[in-house]
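Next up is a structure, given as structure tokens.
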Amino acid sequence: MTLFVIAGETSGDAIAAKVLHSLSKSIPIEGVVGPKLKEIGACELFSIESFQVMGIVDILKSLPHFFILFQKIKNAILKRDPKLVLLVDNAEFSLLIAKSLRKSGYKGKIVQLVSPSIWAWRKARIKTLEKNFDLLLSIFPFEKKYFTGSSLNVEYVGHPLIEELSEYTLENHITFLNEKPIVAIFPGSRKKETELNLPLQLNAVKDLETHQIAISVASIHLLPLIKKILNKSGIQATLVFPEDRFELMNLAQFALSKLGTINLELAYFEVPTITSFPLPKVEQFLLQHIFKVFLPHYSTLNLLAERRVFPEYIGSFARLDNLKREVENFAGSPELREWTSSGCRIVKKLLEINNFSTKSSELLSNLLVEI
């Protein structure tokens, strides 16, 4: 009996490792794994680095690579015939591989950890999930309602971030430039994100004399790029390394951040945040006119709160004038900052389940017992 896991992102590798930690003692685990899964003894058949592409255009350019990788992974699963395949996030790849495995005669259990965003677009994917998956582990409380009447077993297991943060102990590692209030910048964890976000974010706070600036370095590999952009801007800032990002959040008066899971981390620490996600014109056109992605909000925090808690500027709206205006508002209004923090507290209450790893692991164990 073996378990095959596909974790195509660093974040997916981390949460899969937490979920599979107890199971790894009794069942061999192999597949597409990263450093965290390897730590618990999982065998790396394919590296998660093979999946490291960002943006629609880059994905389209890499289609030949992904086609070959897809075939290799599918063939490895069919050859090994594991009892369970665990697919972590990475929705498009997960749906394609599950569908292809079923068509090729795979009879084992297939589980998706982190629901595809059917609430955002392509609700027809529910039928694909029903037909090919045995279990869907959802990390947001609002997702289950979209599967009302569906034959698919959907379980809300809580958000891994809440579990991680509830276990975190704050330490004092950062040395700041002065005693001024801190505005924190979170440009992203990828090279392309940093190139798009950081110059815009730095320009937005450039004239803010009342605050000092701190930049979160999400990965040590991004340090040369961040230093280059920072030197070009002529701005003084404290650089904060990955292990200290929660300390920075705890100390920041407000923040500028890219769109993504980082918004929920900032919300946990109740940090008023301006979110932005610049997009190349081609990608914006594809999202709006080809994929037709239109949402009332794009930040998960705002979707959960069902209102605009964090200001968000996407695509052509991610402009310097918009960000500068929001920076001035947050810097100058304690009332606005408190109103934003109160919205964060509402979302924290919604996500208060903090036994993500245990609950997910138990559901997988129960499924394995059925085999």
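Residue-by-condition table, conditions (1) touching a strand residue (DSSP E or B) at 6+ places or on another chain (Cβ under 9 Å); (2) small (Gly, Ala, Ser); (3) closer than 27 Å to SER117 by Cβ:
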{"site": "SER151", "(1), (2), (3)": "no, yes, yes"}
{"site": "ILE162", "(1), (2), (3)": "no, no, yes"}
{"site": "PHE176", "(1), (2), (3)": "yes, no, no"}
{"site": "ILE182", "(1), (2), (3)": "yes, no, no"}
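For LEU161, all conditions in the list (1) assigned to a loop (DSSP other than H, G, I, E, B); (2) at pLDDT below 90 hold save one; what is the number of the exception?
Result: LEU161 fails condition (1) only.
When you scan region 195-206, do you find a residue that is free of Cβ contacts under 8 Å to residues at least 60 places away in the same chain, in the same structural domain as SER276 (by TED's automatic domain parsing) and farther than 19 Å from ILE262 by Cβ, even just one?
Yes, region 195-206 contains at least one residue that is free of Cβ contacts under 8 Å to residues at least 60 places away in the same chain, in the same structural domain as SER276 (by TED's automatic domain parsing) and farther than 19 Å from ILE262 by Cβ.
Follow-up. Scan region 191-239 for residues that are surrounded by fewer than 20 Cβ atoms within 10 Å (Cβ to Cβ), within 23 Å of the chain's Cα centre (by Cα) and of a type outside the set (A, V, I, L, M) and jot them down.
Answer for region 191-239, where residues must be surrounded by fewer than 20 Cβ atoms within 10 Å (Cβ to Cβ), within 23 Å of the chain's Cα centre (by Cα) and of a type outside the set (A, V, I, L, M): LYS191, LYS192, GLU195, PRO199, SER219, HIS221.
While we're looking at this one, here's another question. Test LYS349 against the criterion of being part of a helix (DSSP H, G or I) and exposed (fewer than 15 other Cβ atoms within 10 Å of the Cβ), and give yes or no.
Judged against the criteria, LYS349 is a match.
Looking at (1) out of contact with any Gly (no Cβ under 8 Å at 6 or more places or on another chain); (2) modelled with pLDDT under 95; (3) assigned to a helix (DSSP H, G or I), which one does PRO199 not meet, given that it meets all the others?
PRO199 satisfies all of (1) out of contact with any Gly (no Cβ under 8 Å at 6 or more places or on another chain); (2) modelled with pLDDT under 95; (3) assigned to a helix (DSSP H, G or I) except (2).
Continuing with the same structure: Residues of region 27-39 being surrounded by fewer than 18 Cβ atoms within 10 Å (Cβ to Cβ) and in contact with a helix residue (DSSP H, G or I) (Cβ under 8 Å, 6 or more places away or on another chain), which ones?
Result: ILE27, PRO35, GLU39.
Can you find a residue that is closer than 22 Å to GLU265 by Cβ, in a helix (DSSP H, G or I) and modelled with pLDDT of 95 or more anywhere in region 226-236?
yes
Could you count how many residues in region 144-163 are free of Cβ contacts under 8 Å to residues at least 60 places away in the same chain and farther than 17 Å from LEU364 by Cα?
Residues flagged as free of Cβ contacts under 8 Å to residues at least 60 places away in the same chain and farther than 17 Å from LEU364 by Cα within region 144-163 amount to 8.
Those residues that are touching a helix residue (DSSP H, G or I) at 6+ places or on another chain (Cβ under 7 Å) and over 14 Å from SER360 (Cα atoms), I need them from region 15-26; list them, please.
Within region 15-26, none qualify.
Now, a different point. Is it the case that some residue within region 166-188 is among the aromatic types (Phe, Trp, Tyr) and more than 16 Å from the chain's Cα centre (by Cα)?
Yes, the conditions are met somewhere in region 166-188.
For region 291-311, enumerate the residues that are modelled with pLDDT under 90 and touching a strand residue (DSSP E or B) at 6+ places or on another chain (Cβ under 7 Å).
Those that are modelled with pLDDT under 90 and touching a strand residue (DSSP E or B) at 6+ places or on another chain (Cβ under 7 Å): HIS297, TYR298, SER299, ASN302.
Can I ask one more? Please go through region 312-343 and pick out each residue that is at pLDDT below 95 and under 18 Å from PHE186 (Cα atoms).
Listed by number, the residues that qualify are GLU312, TYR313, ILE314, GLY315, ALA318, ARG319.
In addition: Name the residues in region 237-257 that are in a strand (DSSP E or B) and in contact with a Pro (Cβ under 6 Å, 6 or more places away or on another chain), would you?
Across region 237-257, the qualifying residue is only PHE254.
The values are calculated or read from the model by the stated rules, or taken from the named source; none is laboratory data. Computed from a predicted model, the values in this text were never measured in an experiment. When we count neighbours, we look across all protein chains shown, and the Cβ atoms used for this are built from the backbone with ideal geometry, even at glycine.
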